[in-house]
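Okay, structure first, notes after.
The values are calculated or read from the model by the stated rules, or taken from the named source; none is laboratory data. A quick note: this is a predicted structure, and the numbers were derived from the prediction, not measured. Cβ placement follows ideal geometry from the backbone for every residue including glycine, while neighbour counts extend to all protein chains displayed.
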Amino acid sequence: MINTKIDSYVVMAPGGSYHDWASLNNLVKPNQYAIIKFSQFNKWYSEARWTNSNKKIAMALPAPKFVADTYAEAQDIVNKLNNN
């Protein structure tokens, strides 16, 4: 079934811009998966994209709702959060 919620939770995998910044700020370990609302990620990315200040990028970085060690575990959490 397709999620039709406007603001859903998503998995942020290692290697992406959010994950790299979250790892630098000790919010996740380099091999963990972050779970965050898409709107929070989108807001942060929109702000970070147009600034040259690492401090501003780090300050705008939202903390993940949950962190998981495997993709399967992260996806299970996302499915539960999005089905509520």
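Search the range 52-69 for residues being touching a strand residue (DSSP E or B) at 6+ places or on another chain (Cβ under 9 Å) and of a type in the set (A, V, I, L, M, F, W, C), and hand back the single one that is surrounded by the fewest Cβ atoms within 10 Å (Cβ to Cβ).
If we filter the range 52-69 for residues that are touching a strand residue (DSSP E or B) at 6+ places or on another chain (Cβ under 9 Å), which is where we start, we get 62-69.
Now restrict to residues that are of a type in the set (A, V, I, L, M, F, W, C): 63, 66-68.
On the way: ALA63: 12, PHE66: 16, VAL67: 19, ALA68: 19.
Filtering first and then ranking leaves ALA63.
Select the strands (runs of 3 or more DSSP E) contained entirely in the chain, then report the ones holding at least 2 residues which are among the basic types (Lys, Arg) and out of contact with any helix residue (DSSP H, G or I) (no Cβ under 6 Å at 6 or more places or on another chain).
Working: elements: 9-12, 33-37, 66-68.
Output list is empty.
What are the residue pairs meeting all of these: first residue in the range 35-64, first residue closer than 11 Å to TYR18 by Cα, second residue polar (S, T, N, Q), Cβ atoms under 8 Å, and 6 or more apart or on different chains?
TYR45/SER17; ALA48/SER17; ILE57/THR51; ALA58/ASN25; LEU61/ASN25; PRO62/GLN40
Just to be sure I understand, how many residues within the range 20-51 are crowded, with 17+ Cβ neighbours inside 10 Å, β-branched (Val, Ile, Thr) and either under 19 Å from ASP7 (Cβ atoms) or modelled with pLDDT under 95 (or both)?
Result for the range 20-51: 2.
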